[in-house]
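Please see the structure below; I have some questions.
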Amino acid sequence: MTPTPVGMRCPECARERTQVRTMRGASGRPRVTTAIIAINVVAFVVATVAGGGIARGVSGDVARNGWLYGPSIADQGEYWRLVTSGFLHGGLLHLAFNMYFIWILGSLLEPALGGWRFLALYVTCLLCGSFGALVVQPDVPTLGASGAAFGLLGAAIVMARTRGIDIWSSGLAPILAINLLITFVVPGIAIGAHIGGALGGFLAGAVVDWGEQRGKAALATAGCLLIGAAAAAASVAVAGGGGLIHGGSSVL
């Protein structure tokens, strides 16, 4: 037997190099994260031009045809709004803040999960955010990517804990706490989208991480997408409801 840092091992086992994937340990650039940000930027430019400028971009045809709005989903079957709303923004600052948030979290998660699993996680978080927004305010136009960003943060917290990383000293939990405080204090923010995204991220992140840890990544990815599909179906079901808050407008 050969003494190693992890205990006594046989000579054959001691010669083997075990590949370990940490939150930042996997190789590869966050290409999917970069693509998501690029799509958001292009969508903002197109919506701004169609709306006649940054100040009026949110009221243009692109925004009106893409933002999340329950009656349009329930009465006219415009289901694409569940996704397109997560790629539209109400202003340059709104876009910049969300893209920075997504870049930080995507750079953390995508190298660890791989591009396809990260994409599945992102789409699931986006759909969960849309569901949360429709539960609370189905009759209020809503747009923005922070529902998906909250989901990525929730997934990062789950994966950090399973790897023995302190979520408080790492800053993940404080970031969530601060952003939740802002969600409830600052007016005009889609509370349901943030809460729905975070809860969806916790659940989807746990499923994906379970597969990563047990060598069943494909099964876990399918489970993650199933959560997204369930969120989409539930969104359609509640789109025509009265919601908990009425009137106004909100951004994710």
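The values are calculated or read from the model by the stated rules, or taken from the named source; none is laboratory data. Source: prediction; values computed, not measured. Glycine gets a Cβ as well: all are built from the backbone with ideal geometry, and neighbour counts include every protein chain shown.
How many residues are farther than 21 Å from A218 by Cβ and in contact with a Phe, Trp or Tyr (Cβ under 8 Å, 6 or more places away or on another chain) if we restrict to segment 115-133?
1
On the given criteria, is L199 in contact (Cβ under 8 Å) with a residue 40 or more places away in the chain, surrounded by fewer than 21 Cβ atoms within 10 Å (Cβ to Cβ) and closer than 19 Å to A232 by Cα? Working first, answer last.
Working: in contact (Cβ under 8 Å) with a residue 40 or more places away in the chain: yes; surrounded by fewer than 21 Cβ atoms within 10 Å (Cβ to Cβ): yes; closer than 19 Å to A232 by Cα: yes.
Here the answer is yes, as L199 does meet what is asked.
Further question: Counting just the residues of segment 213-247 that are within 19 Å of T162 (Cα to Cα) and touching a Ser or Thr at 6+ places or on another chain (Cβ under 9 Å), which one comes out modelled with the lowest pLDDT?
Q213
Identify the residue in segment 129-181 that is assigned to a loop (DSSP other than H, G, I, E, B) and among the polar types (S, T, N, Q) and, among all such residues, is farthest from the chain's Cα centre (by Cα).
Per the criteria, the residue is S169.
I need a count of the residues in segment 71-89 that are farther than 16 Å from V42 by Cβ and small (G, A, S).
Number of matching residues: 3.
List the number of the failed condition for L252; all other conditions in (1) under 16 Å from the mean Cα position of the chain (by Cα); (2) of a type in the set (A, V, I, L, M); (3) modelled with pLDDT of 95 or more hold.
Unmet for L252, out of (1) under 16 Å from the mean Cα position of the chain (by Cα); (2) of a type in the set (A, V, I, L, M); (3) modelled with pLDDT of 95 or more: (3).
Moving on. Out of curiosity, is P187 more than 15 Å from the chain's Cα centre (by Cα) and not in a helix (DSSP H, G or I)?
On the way: more than 15 Å from the chain's Cα centre (by Cα): yes; not in a helix (DSSP H, G or I): yes.
Yes: the conditions hold for P187.
In segment 77-94, what residues are assigned to a helix (DSSP H, G or I) and modelled with pLDDT under 95?
L92, L93, H94
Of all residues being outside any helix (DSSP H, G or I) and over 18 Å from P138 (Cα atoms) in segment 40-74, which is modelled with the highest pLDDT? Just the residue, please. Steps first, please.
Filtering segment 40-74 down to residues outside any helix (DSSP H, G or I) leaves 52-56, 60, 67-69.
If we keep only those that are over 18 Å from P138 (Cα atoms) as well, we get 52-56, 60.
Working: G52: 54, G53: 54, I54: 52, A55: 46, R56: 46, G60: 78.
Ranking the candidates gives G60 first.
From the residues in segment 94-143 that are among the small types (G, A, S) and in contact with a Gly (Cβ under 9 Å, 6 or more places away or on another chain), which one is surrounded by the most Cβ atoms within 10 Å (Cβ to Cβ)?
Here the answer is G129.
Here's another thing I want to ask about it. Would you mind finding the one in G164, G154, G188, G171 that is surrounded by 13 or more Cβ atoms within 10 Å (Cβ to Cβ) and not β-branched (V, I, T)? Walk me through how you get there before you give the answer.
Working: G164 fails: surrounded by 13 or more Cβ atoms within 10 Å (Cβ to Cβ); G188 fails: surrounded by 13 or more Cβ atoms within 10 Å (Cβ to Cβ); G171 fails: surrounded by 13 or more Cβ atoms within 10 Å (Cβ to Cβ).
Answer to the check: G154.
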